[in-house]
Amino acid sequence: MKQPERILIEKLESANLKVIGIQGDASSPTVDEAWRKMANINTVPSATVPRGISDSCAEVNRRWLSEMVSSEILGPDGSFLVTAVTTGSGELGWVRVQCAAETVDVSRITDDQGGIEFIARSENGSNICGVTTEEYDYWIVNISIETSV
């Protein structure tokens with residue numbers, strides 16, 4: 001296993017996600033396309049959580065799970081595709097994971113500065129839902145790919 005793959009898998013497993021396998025980047029949106037949509041100047045978060053509150057990580061987790069359910073990103077078995085900010089993760093593409101809503105802790109999917117940074121994607125690529133760390137807030141961004149073009 002290559003270093004970037006190992007680091008990404010360890011990060012996902014630390015969030016209590018079961019890694020099923022590397023999906024790759026063969027279908028749209030690719031990891032790069034998804035990050036461009038997340039970082040677009042016109043992107044508006046579905047929810048924000050102040051970084052300074054004592055239970056910010058729990059609140060990010062709660063709101064992200066709510067967005068995931070409402071946008072139908074979770075498959076019937078609790079699986080979805082995910083990417084995170086880790087050196088080399090863009091080259092790996094999407095990783096298929098499975099979660100149980102009661103145990104997942106997405107606050108552990110962090111970048112090198114400790115900010116929460118990841119994107120979840122539906123199997124068919126129609127929706128993405130991620131978390132990004134902004135200056136004073138965590139942004140939960142939920143985008144329907146079909147309507148955002």
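The values are calculated or read from the model by the stated rules, or taken from the named source; none is laboratory data. Quick caveat, the model's predicted, so the values are computed rather than measured. Every residue, glycine as well, gets a Cβ built from its backbone with ideal geometry; the counts of neighbours run over all protein chains shown. What goes into the accessible areas is simple: the full protein's heavy atoms, side chains included, and nothing from ligands, DNA or RNA. Shrake-Rupley method; radii C 1.70, N 1.55, O 1.52, S 1.80 Å.
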- Query: Roughly how many debye, to the nearest 20, is the charge dipole of the stretch 1-79 about its Cα centre, given +1 on each Lys and Arg Cβ, -1 on each Asp and Glu Cβ, and no other charges?
  - Reply: 200
- How large is the helix-only mean residue ellipticity at 222 nm for the chain, computed as the sum of -39500 (n - 2.57) over DSSP H runs with n ≥ 4, divided by its residue count, in deg cm²/dmol to the nearest 500? -8000 deg cm²/dmol
- Rounded to the nearest whole Å², what accessible area per residue is found for the stretch 98-142 with the 1.4 Å probe? 41
- Query: Does the chain come out rounded, prolate or oblate by the C-alpha gyration tensor, with a ≥ b ≥ c the root eigenvalues, rounded set by a/c under 1.5 and, if not, prolate when a/b is larger than b/c and oblate if not?
  - Reply: rounded
- Is the shape of the stretch 17-83 rounded, prolate or oblate, going by the alpha carbon gyration tensor and its root eigenvalues a ≥ b ≥ c, with a/c under 1.5 for rounded and a/b larger than b/c for prolate? oblate
- Simple Cβ-charge dipole of the chain, Lys/Arg +1 and Asp/Glu -1, about Cα centre, in debye nearest 20: 140
- Message: Leaving out ligands, DNA and RNA, and with a 1.4 Å probe, what % of the accessible surface on the chain is carbon or sulfur?
- Response: 48
- Query: Of GLY115, VAL131, VAL97, which is farthest along the charge dipole of the stretch 11-149 in the positive direction, counting Lys and Arg as +1 and Asp and Glu as -1 at C-beta?
  - Reply: VAL97
- With a 10 Å radius around each residue's Cβ, average the other Cβ atoms per peptide and rank 119-131, 20-32, 62-74, 41-53, highest first. 119-131, 62-74, 20-32, 41-53
- Item | Cα-based shape type of the stretch 96-145, given that a ≥ b ≥ c are square roots of the gyration tensor eigenvalues and the cut on a/c is 1.5 | oblate
